[in-house]
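A quick write-up on the structure given underneath.
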Amino acid sequence: MVGAAEPAIAILLPAAEQFGPERAGAIALHVRDVTRASRLRDRVRIFGAPVEQPFEGFDFCPLRPAWHGLRGRNVGLAEELCRRLRGRGRVLVEVYNRPNMFAHLAARTDLPLTLRLSNDPRTMRGARTPAERARLLARAEAIFCVSDYVRERFQRDLGPTAEAGKLQVLRNAIPRTLTAPPAKERLILFVGRIIEQKGVGDLVAALEEILPRHPGWRAEIIGTSRTRRRGEPSAFEAALRERCAQLGGAVQWPGFLANDRVMVHYRRAAVVVVPSLWPEPLARTAIEGLANGCAVLAYPSGGLPEVLRDRGLLIEPAAPQALALALERVILDDALRAELQDRAWRDYPFDIAPLADAIDGRREAILAGLRKAA
């Protein structure tokens, strides 16, 4: 625990993350899974925005942002954590995916800090310039990237630095709960935000072309364009839903579902599609597809080739017609589909235990240094 005599670990989540079963995003799910598998679990406290029902069995501490409305919710959460941890110099703080939160903690405390990056840092406040990234690296005990792609983006334009060894890749992982490949239905599945960058428009165009020729197949598009500020679907989502309605029920839109419910759909799906038009840092949805023995098809953007090379089917060019051709090929070729599903099941290096062990090893090395310095 944070107040204990032994060094402790404080995890700080972004303000938008909900550490609870109903609205958890990829980062909250990652923290849940890694903490559950960690041998240091009893020394971990998770800090984040208040939720009505946090995940059970975790030491979760809700924070309300200090300076609310002045410098933004993320910096406000970092400031509130500073106040909570003041005087506790033996606490290791792990900041998730917000360089500006890290920078605020670095300026306000002498606590040991690590940063885990799940997105291209060059697009994030506090890491957009080489000078900002150099300062992050100099102050951090370590910076963990979810992919080689994210690490390369961080390093770009930095030049040689003695701190480069602090920048490490620890890919995301999810626990595989199944003991055998699940039975599959003739189902094509998409999971993610309903926004243009995720390629949902390309997928709908491909489905419009191929599903009328294959009436035994159907598709599900799970996710939403909604935000907390706007309860109605975006015009983009509404237009796609209207187009899918012309396919006579072959495409279903369940909306946003909690992750446990989404897993049920993965188990049934024969094919998972990740047609992202932006450079995905890694894509949890691709890993979820592999974990459930699905044939995974994707555009080769960002870190997706690191997940799917020799395991899934990478589609080039990134265009609706190419996606339609690939989907129809997998629908028609039972042997190919079975081979992709078998590869996904047999070659799965993304289980949670090795990742938790690697993270704990790095934590222990940092905490050992704190004990020596005490």
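Structure above, values below:
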quantity	calculated
Karplus 3J(HN,Hα) series, Hz, for segment 121-135 with 6.51 cos²θ - 1.76 cosθ + 1.60 (x for Gly, Pro)	x, 5, 9, 10, 4, x, 9, 6, 9, x, 5, 5, 5, 4, 5
On Cα atoms only, tilt of 352-373 relative to the major axis of the chain in degrees	10 degrees
Under-5 Å amide H pairs with E94, H placed in peptide plane, nonlocal only	A10, I11, L12, T114
Selected from A258, A103, A180 as most flexible by GNM, with the chain as the system and alpha-carbon contacts under 10 Å	A180
Percentage relative contact order, the chain, counting C-alpha pairs under 8 Å, at least six apart	15 percent
Karplus 3J(HN,Hα) series, Hz, for segment 333-349 with 6.51 cos²θ - 1.76 cosθ + 1.60 (x for Gly, Pro)	9, 4, 5, 5, 4, 5, 5, 5, 5, 5, 4, 4, 6, 7, 9, 10, x
Kirkwood-Stokes translational diffusion coefficient of segment 18-66, alpha-carbon pairs, 4 °C, 1.567 mPa s, µm²/s	117 µm²/s
Amide H partners (placed H, <5 Å) of G255, local residues excluded	G223
Nearest 10 degrees, 0 to 90: helix 73-85 Cα axis against the chain principal axis	40 degrees
5 Å binning of all Cα-Cα separations within segment 281-365, expressed as whole percents from 0 upward	3, 14, 22, 21, 17, 9, 5, 4, 2, 1, 0
Cut-off 9 Å between beta-carbons: net charge of the residues surrounding L63, Lys and Arg +1, Asp and Glu -1	+1
Calculated from backbone phi, Karplus (6.51, -1.76, 1.60) coupling profile of segment 235-249 in Hz, x at Gly/Pro	4, 4, 5, 4, 5, 5, 4, 5, 5, 5, 4, 6, 8, x, x
Calculated over the chain: convex hull of Cα atoms, volume per residue (Å³)	140 Å³
Mean residue ellipticity (222 nm) of the chain, computed from DSSP H runs ≥ 4 via -39,500 (n - 2.57), nearest 500	-12000 deg cm²/dmol
Neighbourhood charge, 12 Å Cβ-Cβ cut-off, centred on P21 and excluding it, Lys, Arg +1 and Asp, Glu -1	-1
Built amide H within the under 5 Å cut-off of A270, gap 5+	E185, L187
Cα shape, segment 185-346, gyration tensor, a/c 1.5 rule	rounded
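Rule-based calculations on the coordinates, nothing more; no lab input. All values derive from a computational prediction rather than experimental measurement. With ideal geometry, Cβ positions are generated from the backbone for all residues, glycine too; neighbour counts draw on all protein chains shown.
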